[in-house]
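Engineer: Here you go, one structure.
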Amino acid sequence: MADIDTKDPVYVTDALIAQDIDAYLDQHQHKTMLRFITCGSVDDGKSTLIGRLLYDSKMIFEDQLAALEADSKRVGTQGQEIDFALLVDGLAAEREQGITIDVAYRFFSTEKRKFIVADTPGHEQYTRNMVTGASTADLAVILIDARKGVLTQTRRHSYLAHLIGIRNIVLAVNKMDLVDYSQTRFDEIVADYTAFAQSIGIAGFVPMPISGFKGDNITGRSANTPWYTGPSLIEHLETVEVATAVDLAKPFRLPVQWVNRPNLDFRGFAGLVATGAIKPGDAIRVLPSGKTSTVKSVVTLGGDLPEAIAGQSVTLTFADEIDCSRGDVIAAADAPPEVSDQFEATLVWMADEAMHVGRSYWLKLASQTVSVTVHQPKYAVNVNTMEHVAVKTLELNAIGVAQIATDRPIVFEPYADNRTLGGFILIDKITNATVAAGMLHFSLRRAQNVHWQATATTSATGSTRTWGSPRPTGSRTSAGSARSPS
Amino acid sequence: MAKTLTHLERLEAESIHIMREVVAETERPVMLYSVGKDSAVMLHLARKAFYPSPPPFPLLHVDTTWKFREMYKLRDRMAKESGMELLVYHNPEAQERGINPFDHGPLHTDMWKTEGLKQALDKWGFDAAFGGARRDEEKSRAKERIFSFRTASHGWDPKNQRPELWNLYNARKAKGESIRVFPISNWTELDVWQYIHLNDIPIVPLYFAAKRPTVERDGMLLMVDDDRFPLKPGEVPVERSIRFRTLGCYPLTGAVESEAKTLPEVIQETLLTTTSERQGRAIDKDAGGAGMEVKKQQGYF
């Protein structure tokens with residue numbers, strides 16, 4: 001407790017709050033947001049690190065702190081010191097077991113950013129929880145116990161983070177206080193991890209020596225590691241690029257969630273802009289019909305907008321009356337996504353009941369829900385060794401690659417290009433449970449990957465689309481995001 | 001173009017996305033409206049999500065008859081302004097037996113709110129109910145999904161929640177089952193205040209400091225809001241400058257002494273304060289450290 005430096009520059013907001021609340025609010029109003037996950041084994045000090053981040057950013061109030069101090073003495077594992085882990089161990093059952101059993105979300109903020117942390121468990125049987133937490137994350141913090149080095153779990157967590165497409169990886173070598181802040185030990189671990197990361201295609205990562213328990217290199221540079229010249233954890237989290245900035249550079253896509261018809265004179269198409277930007281006058285194409293029009297207005301309660309960008313929920317109106325309903329995708333007219341009904345995909349199985357080859361499931365991708373059947377997996381991936389294993393089905397927490405076939409064409413993009421149009425869930429038709437998460441690699445049939453003809457039309461009936469000629473089955477249209485090293 | 005959305009813009013977009021999914025995928029949604037600041041934000045987001053249509057679902061207030069008078073006033077005003085139907089439900093058994101917070105302790109919350117909510121959802125056959133709970137409020141809520149399933153008897157099973165990936169929500173359910181949906185799950189208390197500030201959203205004046213009649217009981221500062229408040233022998237209401245950080249039934253909601261009369265001042269005080277929001281509420285302290293988790297399993301929101 002005594003080593004906590006609350007005067008750290010990252011958190012000197014109190015003075016501003018007290019002196020000039022308007023200035024503070026103005027600053028807070030312009031913060032961006034970063035979502036990240038922390039992955040580690042049970043004893044890597046993950047909960048302690050998150051508890052520390054909350055504590056340092058003053059997200060712990062006095063009454064919670066009083067309860068924490070009492071609990072630390074009663075059930076804590078740190079003797080008379082504060083056990084930060086108790087702050088984040090939420091449900092009664094897991095407090096008894098001393099482990100975290102599900103995904104929990106935590107919040108804190110600094111001068112520059114608001115953070116949402118997905119706290120995910122390290123147990124092998126909980127692969128599904130980590131994949132769930134990672135699906136909304138821009139960044140992953142992979143925790144390693146400095147005494148133990150790169151373990152099987154480390155490899156597993158890194159593989160999963162990479163599989164789900166997280167580009168920013170922090171290798172947090174924790175518990176440096178227990179190895180006397182040894183640079184040699186740190187370098188050894190980083191070298192080990194580098195070899196592994198390269199082998200699975202992780203392009204880059206940021207290693208840092210920390211101690212969640214003692215607070216080293218969390219908010220500021222620690223005097224205990226003079227040999228370390230990189231950023232502290234918070235400095236890095238505050239400056240790393242967020243994914244929405246990347247999405248903005250891609251072609252415009254908006255999956256239609258709901259058609260807004262308050263009266264006969266207004267027809268608006270409501271949805272969240274997945275990628276790109278759109279403004280009145282821009283040419284759009286509605287998929288899968290292929291019909292085109294131009295955007296008339298971007299409607300919101302606060303007045304029409306000059307532009308809508310990736311990440312915003314908006315309502316669009318068109319210049320022409322063309323068919324468009326839930327499940328359709330509004331796209332830039334000159335760069336539409338593909339339409340297909342057969343794919344190769346990575347599946348993460350999340351249900352106790354194993355996958356049934358040939359059974360029909362619901363597939364939900366953006367606002368499209370269709371029937372789908374899954375073929376026998378080409379292979380499963382051993383998440384500990386990354387080896388491909390021949391399997392007949394996928395059990396709980398198994399990850400595999402398989403062909404899937406939908407009962408009608410869907411609008412999609414490879415997951416590597418577009419998380420919204422490439423990520424999906426499978427739903428059991430009887431129990432309604434979410435049984436799998438999936439990521440599309442590519443279409444196996446390009447029959448419906450058409451070259452659109454000019455089809456601007458005001459007719460409300462009759463399809464005017466013109467399909468292009470089929471191409472050979474099995475041609476790859478894009479690299480998958482989820483391939484393992486060969 | 002270097003525009004990056006701010007955290008509030010991203011939170012707003014997420015909440016609107018969630019509400020539209022519910023309207024598209026469920027048969028009879030309803031918005032639980034408790035008249036507090038979180039409800040105020042949720043209602044505003046709903047109006048944004050469906051503009052220029054009014055939100056295509058009614059507001060439901062599961063009333064206990066013990067809310068602050070100012071809350072009833074704002075409730076009726078907001079229903080009118082939003083163009084939404086307002087449904088008010090009173091548990092007939094609680095009404096008949098005169099269940100009140102002074103004489104019946106935890107039974108008051110159980111009968112009026114927990115039982116009342118279940119009865120109301122059954123009565124109108126709602127299959128999805130929006131609630132304004134946030135994950136930063138309380139430990140068990142940090143682990144609850146945005147789409148949280150309830151059995152036909154309204155129970156919650158924390159170990160059997162559906163995984164929620166990306167922004168894909170599985171709204172499928174069997175007949176009789178329902179979903180509680182929390183569109184502002186990822187907002188913090190500060191986000192809520194800031195959003196109210198930026199969008200000029202009307203809130204109950206009790207959030208601002210004013211001289212009000214109070215008595216002190218069990219370390220809590222209670223407001224004497226009407227003459228049903230039974231004063232103990234020798235107890236005399238004292239005028240104090242107070243405000244509320246959270247609003248519920250007035251005999252169960254503790255006030256804080258404050259001079260914060262404007263929204264920035266309230267936010268300032270909130271940020272500098274060192275006690276958490278729910279401390280003013282008696283409910284979290286029931287059943288040891290796991291009060292809310294147990295209540296949720298029984299069907300409390």
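Engineer: Could you tell me the relative contact order of the stretch B:205-282? Use alpha-carbon pairs under 8 Å, at least six residues apart, and round to a whole percent. Before the final figure, lay out each step's value.
Structural biologist: Details: 122 pairs, mean separation 26.8, N = 78.
Reported relative contact order: 34 percent.
Engineer: Still on this structure, please answer the following. Which distance in nm do the two modelled labels at residue B:93 and residue A:393 give, with both placed 7 Å along the Cα-to-Cβ direction?
Structural biologist: The modelled label-to-label distance comes out at 4.4 nm.
Engineer: Go ahead and set up a Gaussian network model of chain B, Cα springs under 10 Å, then flag whichever of B:273, B:188, B:151 fluctuates most.
Structural biologist: Maximum among the listed residues: B:273.
Engineer: Okay, moving on. Relative contact order for chain B using alpha-carbon pairs under 8 Å, separation at least 6, rounded to a whole percent?
Structural biologist: On the way: 478 pairs, mean separation 59.7, N = 301.
Computed value for chain B: 20 percent relative contact order.
Engineer: For residue A:296, go through the aspartates and glutamates and keep the ones whose alpha-carbon is under 16 Å away, minus same-chain ones fewer than eight residues off.
Structural biologist: Result set, ordered by chain and number: A:265, A:282, A:304, A:307, A:320, A:321, A:323.
Engineer: Test of understanding: what is the full-extension gain from residue B:6 to residue B:76, defined as 0.36 nm times their sequence separation minus their Cα-Cα distance?
Structural biologist: Values: separation 70, 0.36 × 70 = 25.20 nm, distance 3.29 nm.
Between residue B:6 and residue B:76, full extension yields 21.9 nm more.
Engineer: Compute the semi-axes of the equivalent ellipsoid of the stretch A:226-320, taking the square root of 5 times each eigenvalue of the Cα gyration tensor, and list them largest first in whole Å.
Structural biologist: Details: eigenvalues 271, 40, 23 Å².
They are 37, 14, 11 Å, listed from largest to smallest.
Engineer: Using a 10 angstrom cutoff on alpha carbons, build the Gaussian network for chain B and name the most mobile of B:34, B:185, B:258.
Structural biologist: B:258
Engineer: Report the label-to-label distance for residue B:235 and residue A:43 in nanometres (one decimal), using points 7 Å from each Cα along the Cα→Cβ vector.
Structural biologist: 5.4 nm
Engineer: Hey, which aspartates and glutamates would be in cross-link range of residue A:214, C-alpha to C-alpha under 15 Å, not counting anything within fewer than 8 residues on its own chain?
Structural biologist: Here the aspartates and glutamates satisfying the reach criterion relative to residue A:214 are A:3, A:5, A:8, A:44, A:56, A:81, A:83, A:145, A:177, A:180.
Engineer: Oh, and also: Enumerate the aspartates and glutamates that residue B:80 could reach by cross-link, defined here as Cα to Cα under 17 Å, with residues fewer than 8 away along the same chain left out.
Structural biologist: B:70
Engineer: Once you place label points 7 Å from the Cα toward the Cβ at residue B:122 and residue A:283, how far apart are they in nm?
Structural biologist: 6.0 nm
Engineer: Within a 10 angstrom radius of each residue's Cβ in B:221-232, how many Cβ atoms of other chains show up on average? Whole number is fine. Intermediate results must be reported in sequence, preceding the final value.
Structural biologist: Details: counts 0, 0, 0, 0, 0, 0, 0, 0, 0, 0, 0, 0.
Average neighbour count from other chains, rounded to a whole number: 0.
Engineer: Would you calculate a helix-derived [θ] at 222 nm for chain B, using -39,500 (n - 2.57) for each DSSP H run of n ≥ 4 and dividing by the full residue count, to the nearest 500? Before the final figure, lay out each step's value.
Structural biologist: Working: 9 runs with 94 residues, N = 301.
Estimated from H runs of four or more residues: -9500 deg cm²/dmol.
Engineer: For a paramagnetic label modelled at 7 Å from the Cα of residue A:200 toward its Cβ, which residues of the stretch A:398-417 fall within the zone defined by backbone nitrogen distances under 14 Å?
Structural biologist: The answer is A:399-400, whose backbone nitrogens lie closer than 14 Å to the label point.
Engineer: Sorted by accessible area with a 1.4 angstrom probe, largest first, how do B:207, B:72 fall? Can you show the working numbers first?
Structural biologist: Details: B:207 5, B:72 45 Å².
The ordering from most to least exposed comes out as B:72, B:207.
Engineer: For the stretch B:205-282, taking Cα atoms only, what is the radius of gyration to one decimal and the Dmax to the nearest whole Å?
Structural biologist: Just the Cα atoms of the stretch B:205-282 yield Rg and Dmax of 12.4, 40 Å.
Engineer: Residue A:360 to residue B:265: FRET efficiency via 1/(1 + (r/R0)^6), r the Cβ-Cβ distance, R0 60 Å, to the nearest 0.05? Show your work: numbers first, answer last.
Structural biologist: Working: r = 59 Å, r/R0 = 0.99.
Computed FRET efficiency for residue A:360 and residue B:265 comes out at 0.50.
Engineer: In whole Hz and in residue order, list the ³J(HN,Hα) couplings for the stretch A:382-393 that follow from phi through the Karplus curve 6.51 cos²θ - 1.76 cosθ + 1.60, θ = phi - 60°; x for Gly and Pro.
Structural biologist: Along the stretch A:382-393, the couplings run 6, 6, 8, 10, 6, 6, 7, 10, 6, 9, 9, 8 Hz.
The values are calculated or read from the model by the stated rules, or taken from the named source; none is laboratory data. Keep in mind that what you see is a predicted model, and the values were worked out from it rather than measured. In this analysis, Cβ positions are derived from the backbone assuming ideal geometry, glycine residues included, and neighbour counts consider all displayed protein chains. The protein model used for the area step is the full one, side chains on, heavy atoms only, and it has no ligands, DNA or RNA in it. Shrake-Rupley method; radii C 1.70, N 1.55, O 1.52, S 1.80 Å.
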